[in-house]
Structures are given as C-alpha cells and as structure tokens.
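The values are calculated or read from the model by the stated rules, or taken from the named source; none is laboratory data. The structure displayed is predicted, hence computed values, not measured ones. Here Cβ is always computed from backbone atoms with ideal geometry, including for glycine, and neighbour counts include all displayed protein chains. Ligands, DNA and RNA are stripped out before the accessible areas are found, and what is left, the full protein with its side chains, is counted by its heavy atoms. Shrake-Rupley method; radii C 1.70, N 1.55, O 1.52, S 1.80 Å.
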Amino acid sequence: MARAPGAVWCRAMSRIFVARRLPGPAIDRLREAGHEVEVYPGELPPSRDELLAGVAEAEGLLSLLTDRVDGELMDAAPNLEAIANFAVGCDNIDLAAAAERGIPVGVAAHVLTDATADLTMALLLAASRNIVTSEHDAHAGRWKTWEPEGWLGRDLRGAQMLVVGRGRIGQAVAERAAPFGIEVTFAGRDDDLLALLPEADIVTLHCPLTDQTRHLIDTAALEAMKPDSLLINTTRGGVVDQAALIAALEAGTIGGAALDVTDPEPPAEGDPIFTAPNLLLVPHIGSATAATRAAMGNSAADNLLAALDGRPMPTPAPAPS
Ligand code: DGY
C-alpha cells in the first residue's frame, strides 16, 4: 500500500490478554503503546474456561508458566498474533502448535539468570548447613546447649558439583560456586549423565524441561548418585521423577534434596513430597525478586510490542524440537 504524503504509519490497537496481575511497568507500557489490555484479576491462575474466554478476541497473550497454551487455546483465539511468556521456561506452551499457526512465542530470557543462580546457592547453603531445621529447633526450645554432635552439615570446599545443563543459569551457578572452593563439572545433552553422577557430591539441575529431559533424574540416576549427595532442582519439577526421588530420600540412598520446583505445582495436599526426609522445599521462587519480576514483565512487553508491530521478538522461544 502506498503511503500518503505526510501520513504517519500507525499500527492498529491490539487487544492483549494478560493472565495475571504483574509487578513493574509492563502493563502500563502495553497500554501506553495504545493497546487495549485486559488483566485477569484473580490471585490464582485463570481456569481453563477463563483463559479460553480471555484470549477469544485477543491478538496478544501474555501468559504465565501456570497457563497451558496449546493448539486448542490457539484455535479458540483466531486473532492471536503473538504469545509472550512471563518466564524463561516455555514448557507450558506447545511451540510446535504455535509454529504451525505462525504465531511467534517469546520468553523472558536473560533477565532471571542471576536471581535463579542466587536461589540455587541459597538452597545449597541452607541444605548443607541444616539452616531450616536448626532455625526451627532454636525457636522450638530444642537448643539446650552447644552441641558437638548437633546439626552437622557438609563442607563445601573441595565438594564436587555437577551442573546439569550448559546454559546461562548453570554457568552463573558455577561462577558462584567457585569462590566457595567447590569443583564444578558440567553435564550437557551429549554427556553420559550416569557416568558423571557417581562423582558428584552436589547435583544441580539447570536444563529446560523438554521431551528429552522429562524424568532425566529417574531411579537409575538416583541410584548412580552418592549416598550422601545433595540434589538441587530450580528448573522444572518434571525433570525429576518425583516418586523415585521420594523413594530415594525415604531409603536414604541419597543424602538430601532441595527443590524450588515440583511436579505438579503446587503438590496436592497430602502429597508424600511434604513428608519426605532430608528435603528442603520452597514454592518456585527462583526468580522472585522485585527487580527480576519487573524485568520479566518488561521482557514480555518488549516481545509483544515487537510482534504486534510486525517486528521480530527480541527474545524468542527456542525453535520447537
Ligand atoms: C522461569 O522463568 O521459567 C522460572 O521458572 C520462573 O521463576
């Protein structure tokens, strides 16, 4: 179409459904760019029906890791032109279905590397030095004296850490571990994990959840680990066969686990994960700092604004495997 002299190109306003309230300026930025933004107001994620209704007219979707974004949803949103996930992980999105329909998908890459690596170290330190149990004991009147045999943990200097996943977060964990005197080895997708696990005192998971990594840590992997080893998971619960992990903890065939993620999330009431011994469990807080969550929102907004303007997303999701 020929541009009329003096005319200003102005992309039509798009409707954007945002699946939860978000911290930071992301939603204001989308509105300031002229888009009509509907924010799902609930504390909990939208139900499936609410999500389908929310996207029915939308050109843009800002989804969270708690939202299943699949072919059915895309078909229920015939105008959908762009999906931006408020997460670096995108296992909640059917990337192949999006690619088939020509819908670009963006992720909040780069911005949560440090926060997630920091939380990994926090879990490592807390689990290694019994911080949670000793804190509870101190408050509960079980601090009777200085105990030569009480609350004994593990030393970190000289410990062998196996970082599973060669991406940014794994590298950032390795950088933080080095000053503690921890010796780090990486396991990538082409490495023989079962051969590396028996050497590790600490195994920390930083690979994305894909068909290839689902239950990567299964019974065989847990059996290959040292009896006093610590498993840390800050990626996705599905990378670990949780029933096998609970069995290993109950049998004492590994030393302990520190989990930021479970499968499913949250675990149902009465799930045996809540009573497994030597387990430190936090509610998926890897990226939970105010600045990081604001940056994740900005990243999602950048992806939507670009795609709705016909430009490539700055941080697209990986190509479907
Ligand atoms: C992500 O972005 O994938 C994280 O799990 C969120 O904390």
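Highest mobility in the GNM of the chain, judged by mean-square fluctuation with C-alpha springs under 10 Å and restricted to Gly34, Gly106, Gly297, is found for Gly34.
Amide H contacts of Met313: none lie under 5 Å away among residues 5 or more positions distant or on a separate chain (H built 1.01 Å from N in the peptide plane; Pro and chain starts excluded). Relative to its residue count, the chain spans a Cα convex hull of 161 Å³ per residue. Applied to the stretch 183-197, the Karplus parametrisation 6.51 cos²θ - 1.76 cosθ + 1.60 on θ = phi - 60° returns per-residue 3J(HN,Hα) values of 9, 10, 10, 10, 10, x, 5, 9, 8, 8, 4, 5, 7, 8, 4 Hz, with x for Gly and Pro. Helical content alone sets the calculated 222 nm signal of the chain at -9000 deg cm²/dmol, taking -39,500 (n - 2.57) per DSSP H segment of four or more residues and averaging over every residue. Over the stretch 1-160, the Kirkwood radius and the radius of gyration, each from Cα atoms, give a ratio Rg/Rh of 1.21. Taking amide H atoms as placed 1.01 Å from N in the peptide plane, the amide H of Val37 lies under 5 Å from those of Ile16, each 5 or more residues away in sequence or on another chain. Separation of the stretch 214-293 from the stretch 94-169 is 10 Å, based on Cα centroids. Mean separation of Cα pairs under 8 Å and 6 or more residues apart, divided by the residue count, gives the stretch 14-156 a relative contact order of 17 percent.
Within the chain, the longest run free of exposed loop sites, counting chymotrypsin sites (Phe, Trp or Tyr not before Pro) that sit outside DSSP helix and strand states (H, G, I, E, B) and have at most 16 other Cβ atoms within 10 Å, spans 152-321.
About the Cα centre of the chain, how large is the charge dipole given +1 on each Lys and Arg Cβ and -1 on each Asp and Glu Cβ? Please answer in debye to the nearest 20.
Numbers: 24 positive and 44 negative charges, 196 e Å.
Charge dipole of the chain: 940 debye, to the nearest 20.
Each residue of the stretch 19-24 was assigned a 3J(HN,Hα) from its phi angle through the Karplus curve 6.51 cos²θ - 1.76 cosθ + 1.60 (θ = phi - 60°); the sequence is 7, 6, 5, 10, x, x Hz, with glycine and proline shown as x.
Antiparallel versus total DSSP beta bridges in the stretch 3-123: what percent is that, nearest 5? Provide the component values of the computation, followed by the final result.
Details: 0 of 14 bridges.
So the antiparallel bridges amount to about 0 percent of the total.
Between exposed GluC sites (Glu not before Pro) in the chain, where DSSP calls loop and at most 16 other Cβ atoms lie within 10 Å, what's the longest gap? If you can, show how the numbers build up before the last one.
Details: sites that count: Glu43, Glu57, Glu149, Glu269.
The longest uninterrupted stretch comes out as 150-268.
In the chain, taking the dipole from charged Cβ atoms about the Cα centre, the farthest positive-side position among Pro78, Thr219, Pro104 is held by Pro104.
Select from the stretch 129-162 those trypsin sites (Lys or Arg not before Pro) which occupy a DSSP coil region and have at most 11 other Cβ atoms within 10 Å, ordered by residue number. Don't skip to the answer; put the middle values down first.
Values: sites: Arg129, Arg142, Lys144, Arg154, Arg157; in loops: Arg129, Arg142, Lys144, Arg154, Arg157.
Sparse-neighbourhood loop trypsin sites (Lys or Arg not before Pro): Lys144, Arg157.
Taking every alpha-carbon pair under 8 Å whose residues sit at least 6 apart, the chain reaches a relative contact order of 19 percent. Taking amide H positions as modeled 1.01 Å from N, with prolines and chain starts lacking one, the residues under 5 Å from Ala82 and 5 or more places away or on another chain are Leu61.
Each Lys and Arg Cβ is given +1 and each Asp and Glu Cβ -1; about its Cα centre, the stretch 65-168 then shows a dipole of about 580 debye. About its Cα centre, the dipole of the stretch 118-251 is roughly 400 debye, where the only charges are +1 on Lys and Arg Cβ and -1 on Asp and Glu Cβ. Solvent-accessible area of the stretch 112-181 (1.4 angstrom probe, protein heavy atoms only): carbon and sulfur portion equals 55 percent. Considered as an equivalent ellipsoid built on the Cα gyration tensor, the stretch 33-116 has semi-axes of 20, 16, 13 Å, the largest given first.
The string of couplings for the stretch 226-232 from the Karplus curve (6.51, -1.76, 1.60, θ = phi - 60°) is 5, x, 10, 6, 10, 9, 10 Hz, one whole number per residue in order, with x for Gly and Pro.
Antiparallel beta bridges, as assigned by DSSP with both residues in the chain, represent about 5 percent of the total such bridges.
For the chain, the longest principal axis of the alpha carbon atoms and the long axis of helix 113-128 meet at an angle near 20°.
So if each residue of separation counts as 0.36 nm, and I subtract the Cα-Cα distance between Ser321 and Ala138, what length gain in nm does that give?
Values: separation 183, 0.36 × 183 = 65.88 nm, distance 4.98 nm.
Gain on stretching Ser321 to Ala138: 60.9 nm.
Please compute the per residue accessible area over the stretch 257-321 with all protein chains in place, 1.4 Å probe, rounded to a whole number of Å². Don't skip to the answer; put the middle values down first.
On the way: 3110 Å² over 65 residues.
Value returned for the stretch 257-321: 48 Å² of accessible area per residue.
Which length gain, in nm to one decimal place, applies between Asp118 and Ala220 when the Cα-Cα distance is subtracted from 0.36 nm times their residue separation? Kindly include the intermediate steps, with their values, before the conclusion.
Working: separation 102, 0.36 × 102 = 36.72 nm, distance 2.91 nm.
Answer, rounded to one decimal: 33.8 nm.
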